[in-house]
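Below is one structure, written out as structure tokens; the observations come after it.
The values are calculated or read from the model by the stated rules, or taken from the named source; none is laboratory data. Please read these numbers as outputs of a predicted model, since none were measured by experiment. Positions of Cβ are generated from backbone atoms using ideal geometry, with glycine treated the same way; all protein chains shown enter the neighbour counts. Heads up: the accessible areas ignore ligands, DNA and RNA and are worked out on the full protein's heavy atoms, side chains in. Shrake-Rupley method; radii C 1.70, N 1.55, O 1.52, S 1.80 Å.
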Amino acid sequence: MDWYKQTAQAVEEQLDSDRHKGLTQEESQRRLKANGFNELKEQDKPSALSIFLSQFKDFMIYVLFAAILLSAFLGEYLDAVAIFLIVIMNGILGYIQEQRAEKSLDALRELSAPHSLVLREGKWMNIPAKELVVGDIVKVESGDRIGADLRFFSASNLHVEESALTGESVPSQKQSEPIHGDDLPLGDQSNRGFMGTMVTQGTGVGIVTETGMDTEMGKIAGLIQSAEKLSTPLQMKLEQLGRTLIYLSIGLTVLVVLLGVYRGHELTHMILSGVSLAVAAIPEGLPAIVTIALALGVQKMIRRHAIVRKLPAVETLGSATVICSDKTGTLTQNKMTVTHLWTDGKTWDVPEDPKVDRFKKDGRPMHIENETTLKQLLEYAVLCNDAVIDQEDGDKPTQLGDPTEIALLESGKKAGITKQGLSPSYKIVQTFPFDSSRKMMSVIVEKPSGEQFAVVKGAPDVLLSRCDYIMWNGTRELKRSKHTNAIEEAIDQLGRKALRNIAVAYKPIYQSKPSSEADQVEKGLTFVGLQGMIDPPRPEVKKAIAECREAGIKTVMITGDHAVTASAIARQLDLLPAHGKVMDGAALSALTEDELVNQVEDIYVYARVSPEHKLKIVKALQKKGHVVAMTGDGVNDAPAIKSANIGIAMGNTGTDVAKEAAALVLSDDNFSSIKAAVEEGRNIYENIRKFIRYLLASNVGEILVMLIAMMLALPLPLLPIQILWVNLVTDGLPAMALGVDQAEDNVMKRGPRPTNEGVFARGLGWKIISRGFLIGVATTAAFWITLNGDPDDLLKAQSVAFVTLVMAQLIHVFDCRSERSIFDRNPFENRYLVLAVFSSILLMLVVMYVPVLQPVFHTVPLTVRDWLLVLGLAAIPTFLLSGNQLFKKDKRTTASRVSSH
């Protein structure tokens, strides 16, 4: 259909809709059921079978399949079947992990999906864009991503960036009139909006004409690249480590085979042992466990109101040194309430409840019926307002719009002034939406007589500079210096009370057709007054800032408010120290980037800044070596969010542009959620280090058992099937449980992690080698002692070695929970780990004591004496080094106390 040719009314009739009421819920559900969700068809997801088969596309699995064929060729059919079953079990575990990770990421995509403001049954409501249907009436504004193809009914200064469809880099200006012409290219259809394009300026209302694959974006869906899978830097480092270990394992395998043949072992038996050793050397479960740990960690962050859009951010969060936070809504409650008015040189107190109290002038209760300028101030703030308060009888009112604008509607309501009450007397004929560069909003209003005037509201300092007149004692006077001084003094007084001020002005329009340019309308104004509102700090933020400080993270406040207001809130939150500086936008603009770099460490509050300043602040902090987290919600915040190491967008008030630029989205717009995200990010990284430590130490132990035995000319202490069982089955569950371990008490009491820190930093490499060495020595010792006791019973000695290795690793897993010592943490705190360890012990006992499995795994039952030997030697690697660590800690504590004394 050529919707662009038709009038708005014709489109409305053809799609059987009503621009004033929208569709009914019943009708929208019927259309949704008939036409399906408004989404582009994705590439077919791999089937469950193909995901399962992909678990076997791995170098290590190919090595194991070679071992199966070799065993079968040599007549070791039992070993061949056992190895095959272990490989299948490993594949099933990998499949479960991958499915779980994929579900987590699907839930994440669902949470960060765009929403649309739609009119249903006469009420505006926010719904997921995928639920839009043909005939829906949709409102769009600056920062929104258009959810479906539209035909605009109205467009106020509306500009849409359509480069994805048209290739035009300059945003297209929209209008609502029909356009004549056949087969017009999309770029010339100026009365239409297209799915996936971005509103850069203004507001508009339109009707949905196409959804899903019928949209212009749907027609080229096949050309759209699917979202790439991002790997974190840590995942890439571990992939490199895996490749290195493959080469190392091949070298070790060759060495062991040659050494074994030299010592007189059978070549075929040594080849199988070499393959087993290769499996022991490579932690094949590591990539899968890293993925599952990230996916589960991300789910935990969602529960704490932080939605991760880019996985590398999880890692970067642990290195954050500065959090630059917006004040309004993030540090404060974003529940604006007008408490003071200023007009005619007088300050008025606004009552909390007008039924109980009255407006007070200079502290005295007053009747406001005869206060012309005061009524003008309240009326104009209601007229120049995009917010809506929908009051249902007996129901709590539904509030839609910016909290500042809602507060202005509420203050008018207390004086009996509402939009509905003003609508018979005033009609809005044109709107110039709020713009962060202009810092104001304007409307052109028409009275029934045809008389027109402009109403403007915005930042007091900016608005004051545009005013030539002032309302003073009920009359319009030429603005003089005494008036300017009085207004500036009032701004300062209200600011000292931590109030945010909004100024209101107007301008009579004498020409028949008012200017369509905001700059022309917003000059030569008459100043009416100020409305001062409070946005109290969130009660939980003060503690969160203190915890960030303890974690070595500096919090910086960035706001468009006055320096006085910002400083008052910063002091209430203990954000501004005694030596801390406050800088306003004018001073910031005057500084070069290098000058700002020299001062940036001392600045804690930036006031009266524009979004463009944020980018300058980010760059200055990064030049000082900081890892910066930056919050934002507007279109103009996107460059700063993108440039920051961790861009954070607001989930409730944020525009789609800001969310798409961000790595992290806060579903509750709360600073405490940033702190929680940092804490979770640090813990996820530490948990990954924990299971790297566990798996690699276990692998080192297995390699050393074989090597030491070869060097001492001992029989093989472990058989290939036993090594495979330990590495592929017994190790996996505890490693996964470490991935969801609780944070250590001091996770937010350490400084941020250096960005160039390696995987094996902070002594991790030494812990892996030392624990692995002792596990290898203890297992070999258990084997040697048992073999010496009964040289003819090699099977029993191998069974003791097998059980000692398993138990040493399962005791060691609890040591991996702490950076310091096993004694630092309650071993039963992580119930998943306790369950995993019991499961691993049960699996070990099954292969030891179930008669049908004993010949498969070459095991025999152990006596009580054997178990005492096993448990005694298995505990040595962990308790020896942990006890030594604890002793060192006690010595340091004692020395510290003596020193302080």
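Observations on the model:
- FRET E, pair GLN25, LYS523, Förster distance 41 Å, beta-carbon r, rounded to 0.05: 0.35
- Formal net charge of residues neighbouring SER673 (Cβ-Cβ distance under 11 Å; K, R +1; D, E -1): -1
- Per-selection metrics, the chain (Cα): Rg and Dmax in Å: 34.9, 115
- Separation in nanometres of the label points that stand 7 Å from Cα toward Cβ, at ASP594 and PHE773: 5.2 nm
- Average Cα contact separation per residue, the chain, under 8 Å, 6 or more apart, as relative contact order %: 12 percent
- Environment charge of ALA644, counting only residues whose C-beta is closer than 11 Å and scoring Lys/Arg +1, Asp/Glu -1: +2
- Cα-based equivalent ellipsoid, the stretch 768-890: semi-axes from gyration tensor eigenvalues, Å: 28, 18, 10
- Per residue, the solvent-accessible area of the stretch 685-842 (1.4 Å probe, heavy atoms of protein chains only, all protein chains present) comes to 34 Å².
- Accessible carbon and sulfur surface of the stretch 723-769 relative to its total accessible area, %, 1.4 Å: 63 percent
- The stretch 600-665, accessible surface, carbon-and-sulfur percent (1.4 angstrom probe): 46 percent
- If you wrap the Cα atoms of the stretch 591-738 in a convex hull and average its projected area over all directions, you get 14.1 nm².
- In terms of its Cα atoms, the stretch 457-608 spans 62, 34, 29 Å along the principal axes, sorted from long to short.
- Accessible surface, per residue, of the stretch 129-200 when the full set of protein chains is kept, probe 1.4 Å, Å²: 38 Å²
- Antiparallel DSSP beta bridges within the chain, as percent of all bridges there, nearest 5: 75 percent
- Shape category assigned to the stretch 520-663 from the gyration tensor of Cα positions, a/c cut at 1.5: rounded
- Whole-number accessible area per residue in Å² for the stretch 537-656, which is evaluated in the context of all protein chains at 1.4 Å: 38 Å²
- By the helix-only formula, in which each DSSP H run with n ≥ 4 contributes -39500 (n - 2.57) and the sum is divided by residues, the chain has a 222 nm mean residue ellipticity of -15000 deg cm²/dmol.
- Seen from TYR469, the other residues with C-beta closer than 12 Å to its C-beta sum to a net charge of +4, counting Lys and Arg as +1 and Asp and Glu as -1.
- Within the chain, longest stretch free of exposed chymotrypsin sites (Phe, Trp or Tyr not before Pro) [DSSP loop, at most 12 other beta carbons within 10 Å]: 1-509
- Rounded, prolate or oblate (a/c below 1.5 giving rounded, otherwise prolate when a/b exceeds b/c) for the stretch 729-768 by Cα gyration tensor: oblate
- Apportionment of accessible area to carbon and sulfur, the stretch 421-475, percent (1.4 Å): 50 percent
- Over the stretch 404-508 - Rg/Rh using Cα atoms and the Kirkwood inverse-distance radius: 0.97
- Two-decimal log10 I(q)/I(0) for the stretch 814-883, as the Debye equation yields it once each C-alpha is a single scatterer, q = 0.12, 0.16, 0.25 Å⁻¹: -0.46, -0.75, -1.12
- When the C-alpha to C-alpha distance is required to be over 19 Å, the pairs from LYS581/LYS614; LYS310/LYS542; LYS447/LYS513; LYS327/LYS623 that qualify are LYS310/LYS542; LYS327/LYS623.
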